[in-house]
Every structure is written in C-alpha cells, then in structure tokens.
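Participant: One structure, as structure tokens, below. Some questions next.
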Amino acid sequence: MGARRTPGLLTAAIAMAMLSASALAAEVIESDLLLEGLTISFGHSGMAQDYTRGKELLEQACLDGSSAACGSWSWRRPEGPEPSAVVAHFEPACRDGDPVACLPAAWVLLDPAYETPNAALGQELLQASCDLGLPEGCAELAMAGLRGAIPMDRLTSMELLSSACTDGSGTACAALAQEDPSASVELADRACSLDSLWGCAMLAEADIQSSRTEKGLALHQMACEDGYLGSCLALGQRYSKGDGVAADPKQALRIFERSCQWGDSQGCEEAGAMLLAGTSVPADPTAAWGLIQEGCTLGDLAQCRRVVAYGPPFALSEGAFEEVAATLTRSCLQADDQACGSLGLANVLGAGVPQDIAWGLDVLERSCTAGDPHSCQDLGKIHAFGAGVDADKGTSRRYYQQACQAGLEESCQALPKRMRPDVAVDPSRG
C-alpha cells in the first residue's frame with residue numbers, strides 16, 4: 001500500500017478533497033456512470049467505442065451531479081476523442097478532486113495513438129486518481145507501469161494491482177490474472193464477478209480449456225454483446241474454424257464485421273481475409289479492401305502496408321492510397337520504423353504520394369537497419385525484381401536474410417528459393 005500513497009505533484013491540490021473519507025466514498029460510488037460512459041466513449045479497456053451509449057451515460061451522470069460529465073461531449077468528434085480538448089476538459093476536474101476525470105486525460109497523454117505524448121503528466125494524473133481513492137485509477141497506474149509507459153518497477157506495479165483488486169477493481173484482478181498463470185482462474189472469476197468483461201473473457205477461455213465449452217461460449221457471447229471486443233474476436237474465430245461450435249462462416253463474418261465497425265482492427269483483418277479468399281463466404285474484393293483500409297485507419301500498420309503493397313486500385317475507394325499514406329506519415333513522424341518503412345515503399349511505388357524511388361529506398365534502408373523485418377523483405381523483393389533498381393539476386397538474398405534474422409517467418413521460408421541462382425524473376429512464382 002506504500003506505493004499507492006507515493007506523493008505526486010497534485011498532492012497539495014487534492015488534499016482538501018481527501019478530508020472526508022465518507023464523502024469521498026460516496027463520490028466514488030456516484031462516479032460509476034461517468035467511468036462507464038468514458039470507457040465506452042473512448043473504446044478503452046478493450047471495449048467497443050459507442051458514442052451514442054456513452055453520451056447517454058454521461059448525460060445521466062451529469063444529471064446525477066457529476067460536473068465532469070456535464071458538457072463532456074465537447075471533446076467528441078466523429079473519428080474519435082479530440083486529445084487536446086480531452087485534457088482541457090478533464091484535467092481541471094481532476095485537479096479539483098474528481099478521481100474519474102483524471103483517467104481520460106491520462107489515457108490520451110499515455111497512448112501514442114493520440115499524438116499528445118506526455119508521460120510525466122499522464123502518470124501524475126493516474127497517481128492523483130489512485131490517491132483520491134479510486135481503485136480503477138490505481139489499476140490504470142499499475143498497468144501503465146507494467147507496459148513501460150511510465151517509470152515504475154514491476155514489484156511496485158504488482159503490489160499496486162493486488163491492492164486495487166482487493167479494493168474492488170475488476171480490471172486490476174484481470175490484470176493480475178494475466179500476470180499470474182498459477183492463480184489466473186481464481187482471479188479471472190473475481191474480476192468477472194466485479195463486472196470486468198476482460199475477466200469474463202479470461203474465465204470463458206479457462207472454461208473452454210477445461211471442457212466446459214458451453215459455459216465458456218455463453219460467457220464470451222455475453223461479453224461480446226456487452227461490447228468486449230476480445231470476446232467477439234474469440235467467438236468469430238471459433239465459428240470460422242468450427243472450434244468448439246459448429247462451423248458457421250457467415251456468423252463469423254458478421255461478428256468480425258461488427259467488431260471492425262466497433263473499432264477492432266483485428267476484426268477488420270479477419271473479415272477482409274474471409275472476403276478476399278472467398279472460400280467459406282462469397283468473395284467480395286471491394287468490401288474486403290475497404291475493411292483492410294479501415295483496419296489501417298484504426299492503427300494496424302500491417303494492414304496499411306498491405307494496402308500499399310497489394311491493394312488493387314479497382315477495389316479501393318477514391319483517395320484510399322492518399323488516406324493510407326497520411327496514416328503512415330503520422331505514425332512515421334512518431335519514429336515508428338514499421339510505418340516509415342511502409343511509407344518508403346509507398347514512395348517507391350507512387351502509392352498515394354508522388355513517386356520518389358531514391359527517397360523511398362533510403363527510408364526502407366533506414367527502417368530495415370533499425371530492425372523492421374518487413375522493410376528488409378520489401379528491399380529484397382525490389383532488388384530481386386528490379387523495381388526501380390537493377391535486379392541483383394545477391395543483394396536480394398542479403399535483405400531476405402536480414403528479414404529472416406529479424407523474425408519474419410515468411411522471409412525464412414522464401415530464403416531457400418532465393419539461394420538458387422536460377423530463381424525466376426516472376427513475382428507470382430517467387
């Protein structure tokens with residue numbers, strides 16, 4: 001519990017809010033609607049983003065007396081929360097002693113996807129939430145430490161999670177279950193009983209592994225219907241493969257497409273793959289590439305690269321390449337080597353940006369050297385087929401070897417062919 005009371009920069013600001021323990025407890029209980037509304041509005045903690053339901057909850061929280069909930073829709077925009085507006089709206093409420101208001105400001109400050117990085121302030125706000133007595137704030141603080149978003153050692157993080165779980169945070173119990181396999185079932189059960197859908201999903205998998213398939217599937221179904229994307233993905237994959245249930249590709253596709261609409265990039269990828277393959281459901285290249293592009297927009301850089309490298313113009317919407325290039329540029333500016341490599345490939349191909357082969361090759365080379373295996377493989381293909389450079393099998397093999405050594409299994413499998421001096425130059429023959 002000592003780590004939980006570590007003094008932060010907000011100590012003076014929140015001291016008055018901690019004078020009455022009973023009043024604080026009542027305030028925390030009344031904050032449930034605000035926390036649920038924010039979680040759904042942000043699509044946080046693995047939840048589907050649902051602005052309509054989120055707004056309903058926030059409006060009710062406002063009517064119930066939560067000043068942070070009132071007018072909170074000012075930070076919302078169709079494509080997602082506006083980071084600067086989120087901080088501007090919720091940080092003052094946090095400093096005034098509302099522990100839940102600390103969370104959304106910290107979320108955008110600690111998540112690189114929001115492009116407003118400020119780990120020190122994010123940690124400060126989470127510490128304030130925890131110090132104000134919100135177990136969920138302590139859980140968020142500990143998990144930020146475990147994933148390396150803030151400087152906090154593992155022992156301190158685990159102790160903080162344990163205290164938060166004891167104090168009633170289902171999220172903390174679920175996080176402990178993930179970190180401690182030996183007690184995972186017991187912790188997942190407690191997490192689920194505390195209304196953590198993450199915990200329910202863990203418990204569902206444990207039931208299925210223990211041959212309690214019907215019970216596990218029912219838990220996944222419940223969690224998916226309530227908006228937990230991990231359970232939707234698990235259900236979709238089981239229907240797709242006939243794993244524990246009768247195979248139902250159409251049902252799987254419906255689940256994946258809904259998950260994609262809810263903001264799950266993996267759901268977009270799964271649905272896109274099914275519609276491209278056309279083996280279990282009718283092929284629909286236009287819908288498939290639209291889903292893959294949506295996965296890119298949601299931040300899956302592998303799907304961005306796929307659009308750049310293989311997306312056929314006839315199946316993509318107007319401006320699709322430009323939108324993907326813009327997504328890659330934003331991520332590359334944050335020093336993401338994978339994004340930079342894909343942007344380099346876009347420049348080599350002229351996909352969504354003016355073609356600049358020399359610049360694109362230079363960016364690919366730097367990303368490959370930095371450890372992005374896809375950039376190395378792309379360079380291997382470019383030098384194998386002479387795309388903007390003279391074909392050179394020796395150089396191609398070297399890049400394939402780098403990609404393989406960096407862990408890209410696809411390049412390892414292709415490497416034996418690349419070692420043969422008579423390998424064909426036709427990409428379709430490898």
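Participant: Which members of the stretch 216-253 meet the condition of being of a type in the set (D, E) and in a helix (DSSP H, G or I)?
Facilitator: Hit for the stretch 216-253 is E225, nothing else.
Participant: Would you check which residues across the stretch 179-208 are of a type in the set (G, A, S) and outside any loop (DSSP other than H, G, I, E, B) and list them?
Facilitator: S182, A183, S184, A188, A191, S193, G199, A201, A204, A206
Participant: Go through (1) assigned by TED's automatic domain parsing to the domain that holds L35; (2) at pLDDT below 95 and name the single condition L155 misses.
Facilitator: (2)
Participant: Specify which of the listed residues (G290, G352, G299) is within 27 Å of G267 (Cα to Cα), touching a residue at least 60 places away in the same chain (Cβ under 8 Å) and out of contact with any Cys (no Cβ under 8 Å at 6 or more places or on another chain).
Facilitator: When all the criteria are applied, what remains is G299.
Participant: Another question about this same structure. For the stretch 207-246, give me the residue count where each residue is hydrophobic (A, V, I, L, M, F, W, C), modelled with pLDDT under 95 and closer than 22 Å to L176 by Cβ.
Facilitator: 1
Participant: Among the helices (runs of 4 or more DSSP H) lying completely within the stretch 1-84, list those that include at least 2 residues that are modelled with pLDDT under 50 and either surrounded by 17 or more Cβ atoms within 10 Å (Cβ to Cβ) or of a type outside the set (S, T, N, Q) (or both).
Facilitator: 11-15, 21-30
Participant: With under 19 Å from P416 (Cβ atoms), surrounded by fewer than 19 Cβ atoms within 10 Å (Cβ to Cβ) and acidic (D, E) as the only criterion, which of D362, D356, D392 stands out?
Facilitator: Working: D362 fails: under 19 Å from P416 (Cβ atoms); D356 fails: under 19 Å from P416 (Cβ atoms).
Selected residue: D392, the only one of D362, D356, D392 that is under 19 Å from P416 (Cβ atoms), surrounded by fewer than 19 Cβ atoms within 10 Å (Cβ to Cβ) and acidic (D, E).
Participant: Consider only pairs whose beta carbons are under 7 Å apart and that are at least six residues apart or on different chains; among these, list those whose first residue lies in the stretch 389-406 and is part of a helix (DSSP H, G or I) and whose second residue is surrounded by fewer than 19 Cβ atoms within 10 Å (Cβ to Cβ) and among the β-branched types (V, I, T).
Facilitator: As it stands, the answer is K393/V423, since those pairs meet every condition given.
Participant: A further question on this structure: Restrict the check to the stretch 100-114 and report whether at least one residue is of a type outside the set (A, V, I, L, M, F, W, C), over 17 Å from the mean Cα position of the chain (by Cα) and either assigned to a helix (DSSP H, G or I) or modelled with pLDDT of 95 or more (or both).
Facilitator: Within the stretch 100-114, none of the residues are of a type outside the set (A, V, I, L, M, F, W, C), over 17 Å from the mean Cα position of the chain (by Cα) and either assigned to a helix (DSSP H, G or I) or modelled with pLDDT of 95 or more (or both).
Participant: Limited to the stretch 369-383, what total is found for residues that are free of Cβ contacts under 8 Å to residues at least 24 places away in the same chain and surrounded by 24 or more Cβ atoms within 10 Å (Cβ to Cβ)?
Facilitator: Within the stretch 369-383, residues that are free of Cβ contacts under 8 Å to residues at least 24 places away in the same chain and surrounded by 24 or more Cβ atoms within 10 Å (Cβ to Cβ) number 1.
Participant: Contact list please: Cβ distance under 8 Å, first residue in the stretch 76-94 and in contact (Cβ under 8 Å) with a residue 60 or more places away in the chain, second residue in a helix (DSSP H, G or I), pairs at least six apart or on different chains.
Facilitator: That search, which allows pairs on different chains as well, returns C94/C102; C94/A105; C94/L125; C94/A128; C94/S129.
Participant: Residue by residue through the stretch 320-378, note down the ones that are over 22 Å from V389 (Cβ atoms) and of a type in the set (D, E, K, R).
Facilitator: Listed by number, the residues that qualify are E322, E323, R330, D336.
Participant: If S259 satisfies every condition in (1) within 23 Å of D372 (Cβ to Cβ); (2) of a type in the set (G, A, S); (3) part of a helix (DSSP H, G or I) but one, which is the exception?
Facilitator: (1)
The values are calculated or read from the model by the stated rules, or taken from the named source; none is laboratory data. Everything numeric here is computed off the predicted structure, so don't read it as measured data. Because the Cβ atoms are built from the backbone with ideal geometry, glycine has one as well, and the counts that use them run over all protein chains shown.
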